[in-house]
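The values are calculated or read from the model by the stated rules, or taken from the named source; none is laboratory data. Source: prediction; values computed, not measured. So basically every Cβ, Gly included, is an ideal-geometry build from the backbone, and we count neighbours across all protein chains shown.
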Amino acid sequence: MRVLLVERDAPGSAQSGRNLGFVRQQNRDFRELSLMIGALSIWEELEAELGCRVGWQQGGNLSLAFSEADLVSRRAWQQRAAEEFGLDTRMLSAAETHALVPQLATDCGVVGAMYTASDGKAEPARATRAFFDAALRAGVAFAFGESVTRIETSAGKISGVQVRGRLYRAGTVIIAAGAGSAALLRKTGLNLPQEFIRATVARTVARPEPRIAACVSGQHTGIRQDLNGAYLISVAGGEYDLRLDSWRHMRRYEATRKSNPDAARIDYLAPIKRLFPLRVHLPVADFPPSRDNPHPEFFRVEQASREFSRLFKTLADLQIETCWAGIIDTLPDVVPALGPVEGIPGMLVGTGFSGHGFGPGPMAGKVLAELAADRQSPVDISALSPMRFVRN
Ligand SMILES: Cc1cc2nc3c(=O)[nH]c(=O)nc-3n(C[C@H](O)[C@H](O)[C@H](O)COP(=O)(O)OP(=O)(O)OC[C@H]3O[C@@H](n4cnc5c(N)ncnc54)[C@H](O)[C@@H]3O)c2cc1C
């Protein structure tokens, strides 16, 4: 097929190049677990397939439990994942958890954990770059620094996209524009209730030894040691920056806001904050940040650092080297919208990964490629249809 990729900034400048780098099946919504299990088998062969290192390491994913209630909920997930999907997730006692990650402070309050040995991690910037290079080699054409402004249809079918007044004709259009997707889809009549969450990540200076292979999730904070030995830390959730859509979709996000107000804080001052320049300058990767220029929240860096230091006391002296933010494109049910748009032949959607789309990304791409070629999806995506919001 002849493929054109239109990218408003540069590939990886938004979420894909700057996320935390967890590649986990663990604790996923069961509606997206087949997608992720399929993705994992791609990750396992990815460095060989793309011919370069993407920092893939199958070091497992460890979700710490601090109370009986934590253990109960994790055990319920683990049992269903084992029964229905044959996943290797198991529950660990406190002693087993400390044996697996001896760097965990003995008095950090861990009563056990859920552990999935087959989960892994990768370097987001390297991985995104590797996909871009592979696409170039495969003959994909790119238009960088250009925004799609309109999806064109004719006689009820997709006919192309408008890019700054220029029409690119196409029989198939895949809308996979992250936080930019809902605005494009709205013009075609599909109202995706997508919200933005501004999530902050911090990176410590490197300390190559000891190596902690597993990605670790504490009470609020995700922790991953990167290829160079630095730790990436990030508090789950973030700021819902005030915009017009915040009012439009208010009702759909009420439950989330009530259940976890700190992780879903509305930032009423965001439109003003965006007018100020960023205070952090260290580059995260070799490509420029997205033009949205999202500001990291320093109190989130402090929250994450506090929990990191409490869990890993021997690493508490590590300085924070830099921090950044990314705009998560979330949906009310926190699973992606992936598949065709009914009633508009040729229109495919892959968006709304709700803060955990780096892991399933390779399989989401494969699914969309197969659908674009009029073949079946290789994994079950029946519960992920973008039409579920239309039918609601
Ligand atoms: C801080 C943070 C931490 C995360 N941690 C993890 C993690 O550990 N594990 C995990 O699995 N996931 C994680 N995620 C989520 C993951 O990064 C995303 O789900 C995934 O990268 C989404 O990929 P995408 O291609 O759909 O969107 P993006 O990577 O956001 O890319 C969308 C692209 O579309 C472009 N675009 C937008 N509008 C237009 C337009 N009109 N025309 C042309 N181009 C347009 C943008 O410039 C952008 O480059 C995290 C996200 C963030 C922000």
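Tabulated data for the structure shown
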read-out	value
Candidate set from the range 78-100 (those that are acidic (D, E) and farther than 21 Å from Q58 by Cα); member that is surrounded by the fewest Cβ atoms within 10 Å (Cβ to Cβ)	E83
Filtered residue count, the range 226-263, keeping only those that are under 24 Å from L64 (Cβ atoms) and within 13 Å of the ligand (Cβ to nearest atom)	9
Members of the range 101-127 that are within 16 Å of M36 (Cα to Cα), crowded, with 22+ Cβ neighbours inside 10 Å and among the aliphatic types (A, V, I, L, M)	A122
The listed residue being among the hydrophobic types (A, V, I, L, M, F, W, C) and not in a helix (DSSP H, G or I), out of L62, L71, L35, L40	L62
Residues that are within 16 Å of S309 (Cβ to Cβ) and part of a loop (DSSP other than H, G, I, E, B), drawn from the range 211-233	I212, G218, Q219, H220, A230
Residue check, G346 within 14 Å of the ligand (Cβ to nearest atom) and modelled with pLDDT of 95 or more	no
Which listed residue is over 17 Å from the mean Cα position of the chain (by Cα) and under 23 Å from V23 (Cβ atoms), from R388, R300, R291, R310	R300
Strands (runs of 3 or more DSSP E) wholly inside the range 90-159 containing at least 2 residues that are small (G, A, S)	112-116, 141-144
All positions within the range 178-219 that are hydroxyl-bearing (S, T, Y) and within 15 Å of the ligand (Cβ to nearest atom)	S181, T188, T200, S217
Condition check for G359: modelled with pLDDT of 95 or more, in a loop (DSSP other than H, G, I, E, B), within 11 Å of the ligand (Cβ to nearest atom) and assigned by TED's automatic domain parsing to the domain that holds G160	yes
Qualifying residue in the range 104-114 (condition: under 30 Å from L331 (Cβ atoms) and in contact with an Asp or Glu (Cβ under 6 Å, 6 or more places away or on another chain))	no
Set L167, L184: member being of a type outside the set (F, W, Y), closer than 24 Å to S16 by Cβ and outside the structural domain of Q79 (by TED's automatic domain parsing)	L184
Of all residues in the range 184-210 being of a type in the set (K, R) and in a strand (DSSP E or B), the one that is nearest to S63 (Cα to Cα)	R203
Selection count, the range 294-342, where residues are small (G, A, S) and crowded, with 22+ Cβ neighbours inside 10 Å	4
Subset of the range 6-38 (residues that are more than 9 Å from the ligand (Cβ to nearest atom) and of a type outside the set (V, I, T))	Q25, Q26, N27, R28, D29, F30, R31, E32, L33, S34, L35, G38
Flag for L35 being hydrophobic (A, V, I, L, M, F, W, C), assigned by TED's automatic domain parsing to the domain that holds I223 and surrounded by 17 or more Cβ atoms within 10 Å (Cβ to Cβ)	no
Boolean, A10 is of a type in the set (A, V, I, L, M), touching a Pro at 6+ places or on another chain (Cβ under 7 Å) and not in a helix (DSSP H, G or I)	yes
Test: D133 is of a type in the set (D, E, K, R) and touching a residue at least 24 places away in the same chain (Cβ under 8 Å)	yes
Residues within the range 362-386 that are within 16 Å of the ligand (Cβ to nearest atom), more than 17 Å from I37 (Cα to Cα) and outside any helix (DSSP H, G or I), tallied	1
Of all residues in the range 323-337 being in contact with a Phe, Trp or Tyr (Cβ under 9 Å, 6 or more places away or on another chain) and assigned to a strand (DSSP E or B), the one that is nearest to the ligand (Cβ to nearest atom)	I328
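A quick yes/no check of all residues on (1) closer than 30 Å to P102 by Cα; (2) surrounded by fewer than 21 Cβ atoms within 10 Å (Cβ to Cβ); (3) charged (D, E, K, R):
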{"residue": "R224", "(1), (2), (3)": "yes, no, yes"}
{"residue": "Y253", "(1), (2), (3)": "no, yes, no"}
{"residue": "K258", "(1), (2), (3)": "no, yes, yes"}
{"residue": "P261", "(1), (2), (3)": "no, yes, no"}
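Residue-wise test of (1) modelled with pLDDT under 95; (2) within 11 Å of the ligand (Cβ to nearest atom); (3) assigned by TED's automatic domain parsing to the domain that holds G361; (4) within 30 Å of G51 (Cβ to Cβ).
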residue	(1), (2), (3), (4)
E96	no, no, no, no
Q103	no, no, no, no
V111	no, no, no, no
D119	no, yes, no, yes
A130	no, no, yes, yes
G139	no, no, yes, yes
E146	yes, yes, yes, yes
